[in-house]
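To start, the structure under review is shown below, and the notes come after it.
The values are calculated or read from the model by the stated rules, or taken from the named source; none is laboratory data. As the structure is a computational prediction, the values presented were derived from the model and not from experiment. Please note: Cβ atoms are built from the backbone with ideal geometry, for glycine as well, and neighbour counts cover all protein chains shown.
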């Protein structure tokens, strides 16, 4: 009988402690807006879009941070509603360990090492899950949103092999 009483007392005491640990310390307000419609994403590229970075000699990278093979790519938007004046694009994917500004390579046999893929917008390197600069939109035109993808060395030693990466993108309208 004593053991049951002790267990019941412990459970009641721990429930009381956890209730006091979950007290509200502040508030977060989430704000946004749902719009009637969005722009239509159209690309002259395949679906999924493919950006060829070409063949690059591993010796082109002599130290961490070196870049090579920049390739411009365009995301095109059309039929934008008049209520939408700008768009920002965020890319997402598997980041290089400890560096969210570069996409890790897709894991395959004999793949390249010491290199990743970096995306830039019109102003600078675009970290993953970070909105790009705002691109102004026109309702009656095709709106081209220009980006650049390139290889970036993630270490002082780069080895050759397949060097592919995958990203998804999302568009936020203003």
message: So residue 65 passes all but one of these: (1) part of a strand (DSSP E or B); (2) under 17 Å from residue 127 (Cα atoms). Which condition number does it fail?
response: (1)
- request: Select from the stretch 95-105 the residues that are under 22 Å from residue 161 (Cα atoms) and modelled with pLDDT under 95 and list them in ascending order.
  value: 97, 99
query: Across the stretch 141-172, what is the total count of residues that are closer than 30 Å to residue 77 by Cα and over 14 Å from the mean Cα position of the chain (by Cα)?
result: 12
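Within the stretch 74-138, which strands (runs of 3 or more DSSP E) (wholly inside it) include 1 or more residues that are within 16 Å of residue 41 (Cα to Cα), in contact with a strand residue (DSSP E or B) (Cβ under 8 Å, 6 or more places away or on another chain) and touching a residue at least 24 places away in the same chain (Cβ under 8 Å)?
86-92
Would you confirm whether any residue within the stretch 141-164 is farther than 14 Å from residue 51 by Cβ, out of contact with any helix residue (DSSP H, G or I) (no Cβ under 8 Å at 6 or more places or on another chain), outside any strand (DSSP E or B) and at pLDDT below 95?
Looking through the stretch 141-164, at least one residue is farther than 14 Å from residue 51 by Cβ, out of contact with any helix residue (DSSP H, G or I) (no Cβ under 8 Å at 6 or more places or on another chain), outside any strand (DSSP E or B) and at pLDDT below 95.
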